[in-house]
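The values are calculated or read from the model by the stated rules, or taken from the named source; none is laboratory data. The structure presented is a predicted model; accordingly, all values stated were derived computationally and were not measured. When we count neighbours, we look across all protein chains shown, and the Cβ atoms used for this are built from the backbone with ideal geometry, even at glycine. We work out accessible area using only protein heavy atoms, side chains counted, and drop any ligands, DNA or RNA first. Shrake-Rupley method; radii C 1.70, N 1.55, O 1.52, S 1.80 Å.
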Amino acid sequence: MKSWLLSLAVILGCHSLWADAEIFTSIGQMTDLIFTEKELVQSLKEYIQAEESKLATIKSWAKRLDVLTHTSTADPEGYLAHPVNAYKLMKRLNTEWLELENLVLQDPSDGFISNISVHRQFFPDEEDEKGAAKALMRLQDTYKLDPESISKGRLPGVKFNAVLTVDDCYDMGKTAYNDGDYYHTVLWMQEALRQLDEGEDAVISKADVLDYLSYSVYQMGDLPRAIELTRRLVVVDPNHQRAGGNLRYFERLRAKEIRESEKTEQPPATETPIELGTYARPLDYLPERETYEALCRGEGVKMTPERQSKLFCRYHNGNRNPRLLLSPIKEEDEWDSPRIVRYLNALSDYEIEKIKEIAKPRLARATVRDPKSGVLTVANYRVSKSAWLEGEDDPVIARVNQRIEDITGLTVETAELLQVANYGVGGQYEPHYDFSRRPFDSNLKTDGNRLATYLNYMSDVEAGGATVFPDFGAAVWPRKGTAVFWYNLFRSGEGDYRTRHAACPVLVGSKWVSNKWIHERGQEFRRPCGMTEVD
């Protein structure tokens, strides 16, 4: 529009100038205005076409998002239970809405801009989008999902269909690449390339994908495939600024490898796709990673018929506690040694909803204690949001605290507040001990170590989200309204290192739990000391 108005201003300026010079009466000169007007009309048509194109794009956006938000707001938790939906929400609000804002800003619309400006402060940022991408990769690793299954939304128990486009897969790969994670870069760039080869539409090009993919494959130590992919990049984009140099470099390295291994011929390049298992996932800081993730998938659980025969269910009255005499709680053995029990109907639906209602406004990123400094900090191995609730907050909280004391027979006077945690997409807490070793913080010096853990499950989880114990191969699955209980310390006060446990990533669903960490002080006559270190 500005160019059209500028042209009009120039013509009007010329008209004025010509009138002042009294040469406007010349037909020959006036004919110039005819052609100028034609140019103005063409400029006006281009402006209208540009505006209509922009408006069509915005209408398409609005129509698509109207359908999407109608579905998502009907069941927000169910919708976000699908990790692809959660990732794409982060991506839309951080990246795509900004692109739409820039499009509208080309001809400012005050109503839209003021509205989006007010809400922008609540939008996820680049780190949030990156975190959602990493959560998808975490699920991919833990549950051995190939990128194609994730991109097509083929996950167990999903209620909403969701797909990752070529551009989504490319962005996933770039997130991994920027972190130096070439393993996941290869998998996601390969998926983007697969979709492009199948004719999917995309903003990015094959050259973009092949550029990242070939270099990442090289970083994974696969020179023959790196050469094959770089050759393909040269064919796709002969003028690519890096492809030619990379290809010559890779070929020199490969020739050197062949000479050193005394091979006479280079093996032919293959077109086999890069899938899970093509490359080994690099080792990380967690020694029991494989065991932990296998248990999360339900593999490697060491429940034998002999052990199963030792497990029973019973009615539990808390050693004839008055509040449990008329209505004893159902108790099931989950594991024999160390003993883990589950209590049924430990929370009612009303209590669960009330606890969630109180906790939601207070939820903040969960923290862990730094083993060196003792200071609370956030960590990548604990991804959840939590809130701490006091008995004074609501009668329901006080009632739940009292019930925990009645069931366990342990005082909660020295226990920590009721902690409520919500694990969303990829939410997890990697293997850890609930009891503290060193350094102790001030409340541990006063109230003693964490003697026992009482864990309420406040939701069912469609897939994933188990509590697993890698040391002895146990997996406890969430069941809404139930609670599990175990001791972290022996009667001697020494830590039971077998109780190292983890909260598996939530694959599909939203996991809500609340837990009570019960401390040593006040339990002297409720759980007397043992005579040996492991009593």
Check: Could we say that residue 302 is open to solvent by less than 50 Å² (accessible area, probe 1.4 Å), out of contact with any Leu (no Cβ under 7 Å at 6 or more places or on another chain) and either in contact (Cβ under 8 Å) with a residue 40 or more places away in the chain or of a type in the set (Phe, Trp, Tyr) (or both) here?
Finding: no
Next item on the list: Could you check residue 192 against (1) open to solvent by 50 Å² or more (accessible area, probe 1.4 Å); (2) under 20 Å from residue 281 (Cβ atoms); (3) part of a helix (DSSP H, G or I); (4) of a type outside the set (Ser, Thr, Tyr) and say which number it fails?
Entry: (1)
Item checked: Of the criteria (1) more than 25 Å from the chain's Cα centre (by Cα); (2) surrounded by 15 or more Cβ atoms within 10 Å (Cβ to Cβ), which one residue 274 fails -> (1)
Next item on the list: Would you point out the residue of the range 122-144, among those that are acidic (Asp, Glu) and in a helix (DSSP H, G or I), that is most open to solvent (accessible area, probe 1.4 Å)?
Entry: 126
Notebook entry, point to check: Of the residues in the range 282-299, how many are exposed (fewer than 12 other Cβ atoms within 10 Å of the Cβ) and of a type in the set (S, T, N, Q)?
Noted result: 0
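Here's the yes/no breakdown for (1) hydrophobic (A, V, I, L, M, F, W, C); (2) open to solvent by 70 Å² or more (accessible area, probe 1.4 Å):
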| position | (1), (2) |
| --- | --- |
| 50 | yes, no |
| 64 | no, yes |
| 67 | yes, yes |
| 71 | no, no |
| 78 | no, no |
| 90 | yes, no |
Check: Between residues in the range 54-83 that are within 19 Å of residue 426 (Cα to Cα) and residues that are β-branched (Val, Ile, Thr) and part of a helix (DSSP H, G or I), which pairs lie under 9 Å by C-beta distance while being six or more apart or on different chains?
Finding: 79/71; 79/73; 83/150
Margin query: Among the numbered criteria (1) open to solvent by less than 40 Å² (accessible area, probe 1.4 Å); (2) within 22 Å of residue 316 (Cα to Cα); (3) of a type in the set (Ser, Thr, Tyr), which one does residue 510 miss?
Written below: (2)
Notebook entry, point to check: Do any strands (runs of 3 or more DSSP E) lying entirely in the range 394-489 carry at least 1 residues that are of a type in the set (Asp, Glu) and open to solvent by less than 30 Å² (accessible area, probe 1.4 Å), and which ones are they?
Noted result: 428-432
Note to self: Any residue in the range 201-214 that is assigned to a loop (DSSP other than H, G, I, E, B) sitting within a Cβ distance under 8 Å of a residue that is modelled with pLDDT of 95 or more and of a type in the set (Ser, Thr, Tyr)? List the pairs, counting only those 6 or more apart or interchain.
What the structure shows: 202/165; 202/170; 204/170
Next item on the list: Those residues that are assigned to a helix (DSSP H, G or I) and open to solvent by 40 Å² or more (accessible area, probe 1.4 Å), I need them from the range 219-245; list them, please.
Entry: 219, 224, 231, 232, 234, 235, 236
Checklist line | Restricting the range 513-534 to residues that are at pLDDT 95 or above and among the polar types (S, T, N, Q), the residue that is surrounded by the most Cβ atoms within 10 Å (Cβ to Cβ) | finding: 514
Checklist line | Single residue of 461, 425 found to be more than 24 Å from residue 497 (Cα to Cα) and without any contact (Cβ under 8 Å) to a residue 60 or more places away in the chain | finding: 461
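When you go through 351, 331, 293 one by one, which is the residue that is closer than 30 Å to residue 403 by Cα, touching a Lys or Arg at 6+ places or on another chain (Cβ under 9 Å) and touching a residue at least 40 places away in the same chain (Cβ under 8 Å)?
Numbers: 331 fails: touching a residue at least 40 places away in the same chain (Cβ under 8 Å); 293 fails: closer than 30 Å to residue 403 by Cα.
351 is the lone residue from the list that is closer than 30 Å to residue 403 by Cα, touching a Lys or Arg at 6+ places or on another chain (Cβ under 9 Å) and touching a residue at least 40 places away in the same chain (Cβ under 8 Å).
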Item checked: Selection from the range 198-218 of residues that are surrounded by fewer than 16 Cβ atoms within 10 Å (Cβ to Cβ) and either among the hydroxyl-bearing types (Ser, Thr, Tyr) or touching a Gly at 6+ places or on another chain (Cβ under 9 Å) (or both) -> 205
Note to self: Anything in the range 155-190 that is more than 28 Å from residue 77 (Cβ to Cβ) and of a type in the set (D, E, K, R)? List them, or say none.
What the structure shows: 174, 179, 181
Checklist line | Residue list for the range 150-162, restricted to those being open to solvent by less than 20 Å² (accessible area, probe 1.4 Å) and farther than 20 Å from residue 67 by Cα | finding: 150, 151, 155
Check: How about the range 493-507: which of its residues are surrounded by fewer than 22 Cβ atoms within 10 Å (Cβ to Cβ) and on the phi < 0 side of the Ramachandran plot?
Finding: 494, 495, 496, 497, 498, 499, 500
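Go through the range 315-354 and give me each residue that's open to solvent by 20 Å² or more (accessible area, probe 1.4 Å) and part of a strand (DSSP E or B). Explain how you work it out, then say what you get.
First pass over the range 315-354, keeping only residues open to solvent by 20 Å² or more (accessible area, probe 1.4 Å): 315-317, 319-323, 325-328, 330, 332-334, 336-337, 339, 344-345, 348-350, 353-354.
Listed by number, the residues that qualify are 315, 316, 330, 332, 333, 334, 344.
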